[in-house]
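J.: The structure is given below, and queries will be raised subsequently.
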Amino acid sequence: MEGNLTTLPVTEETIRKAEETLLAYRAAKAPLEARLLENEQWYRLRHWSTMRRNPGDPEPASAWLLNCIANKHADAMDNVPEPYVLPREEGDAPDAEALSAILPVVMELNEYEQVYSDVWWAKLKGGTGVTGVFWNPDGADGLGDVDIRKVELLRLYWEPGVSRLQASRNVFHVESVPNETLIDRWPFLRGRLNGSALTDSALPASAQTGERSVVVDWYYKRRCGGRTVVHYAKFVCGNLLYASENDERYRLRGYYDHGLYPFVFDTQFVEPDSPAGFGYIDVCKQPQMYIDRLNQVILKGALMAARPRFFIRSDGSINEQEYADWTRDFVHFQGGSSPQESIRQIDVRGPDAVLVRILSDKIEELKETSGNRDFSQGSAASGVTAAGAIMALQDAGGKLSRDMLKSSYRAFTKVCELCVELIRQFYDEPRCFRILGEAASIRYIRYDNARIRPRVEDGLYRKPAFDIKIRPQRSAPMVMSARNEMAREFYKMGFFDPANAEQALGCLEMMEFEGKPQMIEILRRRRGALVPAAENKGLTLRAGSDAAGMV
């Protein structure tokens with residue numbers, strides 16, 4: 001990229017203006033960054049650094065807030081989403097079935113379950129989790145592949161005041177990289193990494209040395225040919241490394257054909273003037289602060305009451321060293337007066353019972369505010385022991401968790417849509433996928449984008465479209481127990497008797513539960529009928545949904 005940049009759309013002057021825009025975005029985002037860094041301290045139970053008054057006082061850091069976050073995260077991991085793809089037109093059904101099998105493989109190769117976990121931690125701590133869906137040209141041994149990873153919100157900058165990221169004119173992602181790594185990749189940078197005004201907020205100050213430089217990924221939108229396209233540029237310390245506008249392959253079409261920024265935001269509690277939200281630490285940090293302050297007062301009072309202290313007259317006759325030494329059997333004093341006249345114990349009242357009651361109220365307030373009640377944690381303090389009853393109580397008390405999960409599923413749908421669009425754009429060469437289905441059956445799929453690329457049919461422009469449906473992989477023990485109990489009830493009622501197949505199928509049609517298509521298939525098979533194609537479609541997709549790997 002050291003050529004004659006003056007004839008190209010993106011030049012060194014363009015990069016200088018982009019850096020100025022980035023610094024303006026960063027200044028506007030400063031309050032959010034300060035809040036995120038403070039929340040991280042609360043998450044790590046290091047919040048006394050912001051609350052300390054007397055350094056000598058006890059600093060208890062109870063984990064009620066951390067327990068709330070951990071339980072919300074556990075709810076999310078009990079319901080990890082799994083996609084399958086539905087066609088919008090009948091002719092696209094084969095590709096929808098293939099994509100339903102391929103998407104889980106792509107996600108497994110990207111260790112998506114770990115990405116999902118990391119994004120949820122960020123969502124609960126700071127209110128926003130961000131997933132990046134990129135095309136990695138070096139993936140799949142140089143063939144290129146979809147790259148899904150968690151993006152640190154502290155490293156992302158957008159236009160102030162917009163409520164949706166896609167409405168921002170520019171989006172910047174910054175990351176500190178060792179200089180030697182950059183020089184190995186781009187040798188012309190030697191001697192040109194002389195620092196800049198940019199820093200990486202996600203790194204501690206001690207790690208931001210002169211041996212590292214901040215690399216900026218700049219995404220921006222332009223109008224071209226009556227449509228909006230997204231372009232991409234990469235630069236460091238004012239040096240241009242790549243620009244899609246300078247690349248003949250992407251100059252008119254944009255870097256990504258889908259025309260979207262490759263970042264998906266999953267917010268906890270929405271703010272109207274920002275794509276980022278706020279989370280449970282922001283909501284619950286005040287009750288947690290008072291819990292810890294009350295704990296501090298109670299502990300300090302208990303310590304003071306447990307350690308006796310004394311008033312001693314300056315002209316008294318008590319030998320203080322001997323009096324303070326509990327190993328001595330005798331303590332000397334002078335004069336004929338009583339020792340009690342020279343020394344008297346200081347009376348210290350222990351913690352008042354009202355403080356303990358207020359502390360309990362604050363703990364209950366935090367539980368109520370976060371929706372982290374006993375049954376949501378699997379506790380049965382009131383004596384309820386039946387699996388069905390516990391599950392019913394958990395279900396009634398899990399509205400907040402279900403709401404959070406629906407938000408994440410909407411974000412997951414966008415992640416899957418971006419994956420499909422990258423497959424549509426870049427899977428020019430056939431790839432072979434090994435799919436592990438039910439009963440350990442293995443099948444192989446060779447797939448490319450030939451049938452899903454935009455094309456003209458009968459004089460009309462057509463781009464195959466798909467819908468993404470989310471299927472949670474629920475793994476809660478009580479859910480499993482309830483399913484087993486339901487299966488036993490079906491058996492007792494004779495559902496599996498071929499003579500009762502018609503009545504059982506009629507009953508099932510009126511019911512809703514997970515695994516219903518599989519149940520219908522079993523009963524129809526026992527009755528000796530074939531499964532209609534419309535009902536069997538979901539079953540076929542499910543059989544190819546478990547990924548084993550990619551060849």
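The values are calculated or read from the model by the stated rules, or taken from the named source; none is laboratory data. In this text the structure is predicted, and so the values were computed from the model without any measurement. Neighbour counts are summed over all protein chains in view; Cβ atoms, including those assigned to glycine, are modelled from backbone coordinates with ideal geometry. Only protein heavy atoms, including side chains, enter the accessible area calculation; ligands, DNA and RNA are left aside. Shrake-Rupley method; radii C 1.70, N 1.55, O 1.52, S 1.80 Å.
J.: Can you tell me the order of 69-79, 163-173 when each peptide is scored by its average per-residue count of other Cβ atoms within 10 angstrom, highest first? Mind dumping the intermediate values first?
T.: On the way: 69-79: 18.4, 163-173: 16.4.
Listed from highest to lowest mean packing, they are 69-79, 163-173.
J.: List the residues whose amide H sits under 5 Å from the amide H of Phe269, counting only those 5 or more places along or on another chain, with H placed 1.01 Å from N in the peptide plane.
T.: Phe278
J.: Also, I was wondering about something else. Taking amide H positions as placed 1.01 Å from N in the peptide plane, with prolines and chain starts having none, which residues 5 or more places from Glu82, or on another chain, fall under 5 Å of its amide H?
T.: The list, which skips near neighbours in sequence, is Arg471, Gln473.
J.: For segment 361-369, just list the computed ³J(HN,Hα) in residue order, Karplus coefficients 6.51, -1.76 and 1.60, θ = phi - 60°, integers in Hz, with x standing in for Gly and Pro.
T.: Working through the residues one at a time gives 5, 5, 5, 5, 4, 5, 5, 5, 4 Hz.
J.: In vacuum, with every alpha carbon of segment 119-208 counted as one equal point scatterer, what does the Debye formula give for log10 I(q)/I(0) at q = 0.13, 0.20, 0.23 Å⁻¹? Two decimals, please.
T.: Taking Cα atoms of segment 119-208 as identical point scatterers yields -0.65, -1.24, -1.28.
J.: Starting from the Cα gyration tensor of segment 41-133, multiply each eigenvalue by 5, take the square root, and state the resulting semi-axes largest first in whole Å.
T.: Numbers: eigenvalues 390, 25, 20 Å².
Equivalent-ellipsoid dimensions as semi-axes: 44, 11, 10 Å.
J.: Under a Cβ-only charge scheme (Lys and Arg +1, Asp and Glu -1), can you give me the dipole magnitude of segment 45-152 about the Cα centre, in debye to the nearest 20? The partial results should precede the final answer.
T.: Details: 9 positive and 19 negative charges, 238 e Å.
Here the size comes out at about 1140 debye.
J.: If packing is taken as the average count of other Cβ atoms within 10 Å, what order do 180-187, 94-101 fall into, highest mean first? Write down the numbers at each step before the final one.
T.: Working: 180-187: 13.4, 94-101: 21.8.
Answer by packing, highest mean first, reads 94-101, 180-187.
J.: If N is the number of residues in segment 149-199, what value comes out of its Cα radius of gyration divided by 2.2 N^0.38 Å? Let's see the in-between values first.
T.: Working: Rg = 14.7 Å, N = 51, 2.2 N^0.38 = 9.8 Å.
Ratio of Cα Rg to 2.2 N^0.38 Å: 1.50.
J.: Could you work out the mean projected area of the convex hull around the alpha carbons of segment 60-184, in square nanometres to one decimal?
T.: Details: hull surface 52.2 nm².
The number I arrive at for segment 60-184 is 13.1 nm².
J.: Over all directions, average the projected area of the Cα convex hull of segment 154-261 and note it in nm². Write out the running numbers ahead of the final one.
T.: On the way: hull surface 31.6 nm².
Average projection, Cα convex hull of segment 154-261: 7.9 nm².
J.: Can you list the HN-Hα couplings for segment 402-413, worked out from phi with the Karplus curve (6.51, -1.76, 1.60; θ = phi - 60°), rounded to whole Hz and with x for Gly and Pro?
T.: 5, 5, 4, 5, 4, 4, 5, 5, 5, 5, 5, 4
J.: With N set to the number of residues, divide the alpha-carbon radius of gyration of segment 1-75 by 2.2 N^0.38 Å and report two decimals. Numbers along the way, then the final one.
T.: Values: Rg = 22.4 Å, N = 75, 2.2 N^0.38 = 11.3 Å.
Cα-based Rg divided by the globular estimate yields 1.97.
J.: Any idea which of Phe134, Pro178, Gly161 is furthest toward the positive side of the dipole for segment 100-201, if Lys and Arg beta-carbons carry +1 and Asp and Glu beta-carbons -1?
T.: Final value for the positive-end residue is Gly161.
J.: May I ask for log10 I(q)/I(0) of segment 31-79 at q = 0.33 Å⁻¹, from a Debye sum over the Cα atoms as equal point scatterers with solvent left out?
T.: -1.13
J.: If you count only protein heavy atoms with a 1.4 Å probe, what accessible area per residue comes out for segment 12-89, rounded to a whole Å²? Provide the component values of the computation, followed by the final result.
T.: Values: 3830 Å² over 78 residues.
The answer is 49 Å² per residue.
J.: Post the alpha-carbon centroid distance, segment 276-312 to segment 414-431, in whole angstrom.
T.: Each part's Cα centre sits 53 Å from the other's.
J.: Amide H of Ser213 versus every other amide H placed in the peptide plane: which residues, excluding those fewer than 5 positions away on the same chain, fall under 5 Å?
T.: Placed amide hydrogens put Val177, Asn179 under 5 Å from Ser213.
J.: Now, a different point. Can you tell me what percent of all Cα-Cα pairs in segment 202-357 are more than 25 Å apart?
T.: Numbers: 8416 of 12090 pairs.
For segment 202-357, the share of Cα pairs beyond 25 Å comes to 70 percent.
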